[in-house]
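Right, one structure below, let's go through it.
The values are calculated or read from the model by the stated rules, or taken from the named source; none is laboratory data. Since we're looking at a predicted model, the values are computed, not measured. Methodologically, a virtual Cβ is constructed for each residue, glycine included, from the backbone with ideal geometry; neighbour enumeration extends over all protein chains shown. The accessibility values were calculated without ligands, DNA or RNA, using every heavy atom of the protein model including side chains. Shrake-Rupley method; radii C 1.70, N 1.55, O 1.52, S 1.80 Å.
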Amino acid sequence: QVQLVESGGGLVQAGGSLRLSCAASGSISSINAMGWYRQAPGKQRELVAAITLGGSTSYADSVKDRFTISRDNAKKTVYLQMNSLKPEDTAVYYCKADLLAYGLRYSQGYWGQGTQVTVSS
């Protein structure tokens with residue numbers, strides 16, 4: 001069994017900051033890329049930021065220079081530091097990990113349950 005558990009969401013005023021965490025646990029052989037997605041009401045889920053095993057990062061244009069993704073491979077955890085938050089950042093944030101579970105031949109994507117981020121104006 002593999003689990004991804006997010007934490008750190010909440011309510012914050014515009015201009016504030018939040019740090020999201022996502023910890024992977026279970027029968028994990030290796031973790032490749034990890035990322036954060038978000039889904040606002042009535043909108044499609046979108047990629048916010050991603051990080052490779054080697055630490056290369058990519059960001060959606062809407063969050064560049066405000067959000068920072070990082071990971072701790074020893075802790076099997078990915079983080080998203082969100083600064084200068086805007087009301088349009090309000091969404092449910094999901095983490096995703098491309099990982100290989102023990103007993104399987106190929107890696108596949110696993111999702112967390114999501115954490116709500118609400119930014120008030």
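Overview of results
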read-out: Residues of region 87-119 classified as surrounded by 14 or more Cβ atoms within 10 Å (Cβ to Cβ) and in a loop (DSSP other than H, G, I, E, B), total; value: 4
read-out: Residue match in region 12-32 (condition: at pLDDT 95 or above, touching a Cys at 6+ places or on another chain (Cβ under 8 Å) and assigned to a strand (DSSP E or B)); value: yes
read-out: SER84 open to solvent by 50 Å² or more (accessible area, probe 1.4 Å), part of a loop (DSSP other than H, G, I, E, B), touching a residue at least 60 places away in the same chain (Cβ under 8 Å) and not aromatic (Phe, Trp, Tyr); value: yes
read-out: Whichever residue in region 33-46 is assigned to a loop (DSSP other than H, G, I, E, B) and open to solvent by 50 Å² or more (accessible area, probe 1.4 Å) and, among such residues, is modelled with the lowest pLDDT; value: PRO41
read-out: Any pair with Cβ under 8 angstrom, 6 or more apart, that starts in region 47-64 at a residue that is under 16 Å from THR90 (Cα atoms) and assigned to a loop (DSSP other than H, G, I, E, B) and ends at one that is open to solvent by less than 60 Å² (accessible area, probe 1.4 Å) and at pLDDT 95 or above; value: ALA60/VAL48; ALA60/ALA49; VAL63/VAL48; VAL63/ALA49; VAL63/MET82; VAL63/ASP89
